[in-house]
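*Asks:* Got a structure for you, written out below as structure tokens; questions coming shortly.
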């Protein structure tokens, strides 16, 4: 019974093994059949895509440098006027108001001069009396000296007494003369006139007001010439600012700059502009390492051009100052030069990165002094991290602006 059961189990196991082998064989045969029916994919040729760029041929040129700086206009003279004598203000100019322009020589204000005039007239009268007294004393001294020396009349003490009287008379005359001169000066100082054609910038005086000596009552400005002080980078000043070739100064200071004509324009409206002249170097600022230069604007040009809105003191302005010329440089758009001072050139239709020396950046232009050769093709299209030796195609048209 047991042997019969064992034989049945072995037969079942054998059947299962044969069934598994048959299934695997069928699967393998099916795989081979399906693989034989599969067609290989079609072969495609991979082509390298070229970067379309714009480029320009390198050519060297000579270009002038235009220095730009900003500053605030100011009048050439700013004067504060103080009363020089005490008294009440009896008269002021009818247009003595802030912003008014008063011609040179016109009366600004007058102080009550009656006390000083009385003092002057009194001293003048006393001076006439003392002048006569001085003459009589001198005459008496001469008479006494003559009698004593030639006729032996009188005494030496008498001569000395006459001389002392003459000296006293001369001293009193000199004192009164000085007092009259001081009174005349005070009398003159009672009337204050415009020292030049001026603009009133500040007013602290009214008719009837009492003023004391030294008290500032007016502020005036001379707008006949305007000055613009602007800072320049010390490197720009050293390389590009034009100075006179002969420095006659013995002091350790900058030579006089060449009086080149500059353009000054209002930052709010470039149409409001004027022609200025480079005048001088005013300061070297060790904190900012800048050189401050002064430009001068002759205000006559505004009246000649009939400008109702000229440049005025206090305006914040932009100055363009012609400098020396850059020689043997290549002009490129600013974006054609990377922040690492490299450019992309085309050689054998491939992109190559070339390091360059940037001499100056001005008006969105970069000026290259070294690193390029005449005839090189420089890519002017803005590129972001292109692959070295990428295939490029130069398209026609102007450089991308």
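*Asks:* Could you please let me know if residue 338 is touching a strand residue (DSSP E or B) at 6+ places or on another chain (Cβ under 7 Å) and without any contact (Cβ under 8 Å) to a residue 40 or more places away in the chain?
*Replies:* When the stated conditions are applied, residue 338 does not pass them.
*Asks:* I would also like to ask the following. Filter region 320-343 down to the residues that are in contact with a helix residue (DSSP H, G or I) (Cβ under 8 Å, 6 or more places away or on another chain) and surrounded by 18 or more Cβ atoms within 10 Å (Cβ to Cβ) and list them by number.
*Replies:* Result: 323, 343.
*Asks:* While we're here: Can you tell me which residue in region 176-191 is farthest from the chain's Cα centre (by Cα), limited to those that are closer than 25 Å to residue 221 by Cα and surrounded by fewer than 20 Cβ atoms within 10 Å (Cβ to Cβ)?
*Replies:* If we take residues in region 176-191 being closer than 25 Å to residue 221 by Cα and surrounded by fewer than 20 Cβ atoms within 10 Å (Cβ to Cβ), then 188 is farthest from the chain's Cα centre (by Cα).
*Asks:* Something else now. Can you report the number of residues in region 295-310 which are loosely packed, with under 13 Cβ neighbours inside 10 Å and at pLDDT below 85?
*Replies:* Going through region 295-310 one residue at a time, the tally reaches 6.
*Asks:* Across region 108-132, what is the total count of residues that are part of a helix (DSSP H, G or I) and in contact with a helix residue (DSSP H, G or I) (Cβ under 8 Å, 6 or more places away or on another chain)?
*Replies:* 10
*Asks:* Looking at this structure, is residue 369 surrounded by fewer than 14 Cβ atoms within 10 Å (Cβ to Cβ) and either modelled with pLDDT of 90 or more or within 29 Å of the chain's Cα centre (by Cα) (or both)?
*Replies:* When the stated conditions are applied, residue 369 does not pass them.
*Asks:* Does region 222-244 include one or more residues that are over 17 Å from residue 69 (Cβ atoms) and free of Cβ contacts under 8 Å to residues at least 12 places away in the same chain?
*Replies:* No, there is no match, as no residue in region 222-244 is over 17 Å from residue 69 (Cβ atoms) and free of Cβ contacts under 8 Å to residues at least 12 places away in the same chain.
*Asks:* Within region 295-310, how many residues are touching a helix residue (DSSP H, G or I) at 6+ places or on another chain (Cβ under 8 Å) and part of a strand (DSSP E or B)?
*Replies:* Adding up the residues that qualify gives 0.
Okay, residues lined up against (1) more than 28 Å from residue 254 (Cβ to Cβ); (2) under 13 Å from the mean Cα position of the chain (by Cα):
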{"site": "284", "(1), (2)": "no, yes"}
{"site": "290", "(1), (2)": "no, yes"}
{"site": "297", "(1), (2)": "no, no"}
{"site": "307", "(1), (2)": "yes, no"}
{"site": "319", "(1), (2)": "no, yes"}
{"site": "324", "(1), (2)": "no, no"}
{"site": "335", "(1), (2)": "yes, no"}
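Matching residues to (1) part of a strand (DSSP E or B); (2) out of contact with any strand residue (DSSP E or B) (no Cβ under 6 Å at 6 or more places or on another chain); (3) not assigned by TED's automatic domain parsing to the domain that holds residue 143:
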position	(1), (2), (3)
175	no, yes, no
182	no, yes, no
196	no, no, no
201	yes, no, no
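Yes/no per residue for (1) assigned by TED's automatic domain parsing to the domain that holds residue 368; (2) in a loop (DSSP other than H, G, I, E, B); (3) surrounded by 18 or more Cβ atoms within 10 Å (Cβ to Cβ):
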| position | (1), (2), (3) |
| --- | --- |
| 278 | no, no, yes |
| 287 | no, yes, no |
| 293 | no, no, yes |
| 312 | no, yes, no |
| 318 | no, no, no |
| 351 | yes, no, yes |
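The values are calculated or read from the model by the stated rules, or taken from the named source; none is laboratory data. Every value quoted in this text rests on a predicted model; they were computed, and no experiment measured them. Here Cβ is always computed from backbone atoms with ideal geometry, including for glycine, and neighbour counts include all displayed protein chains.
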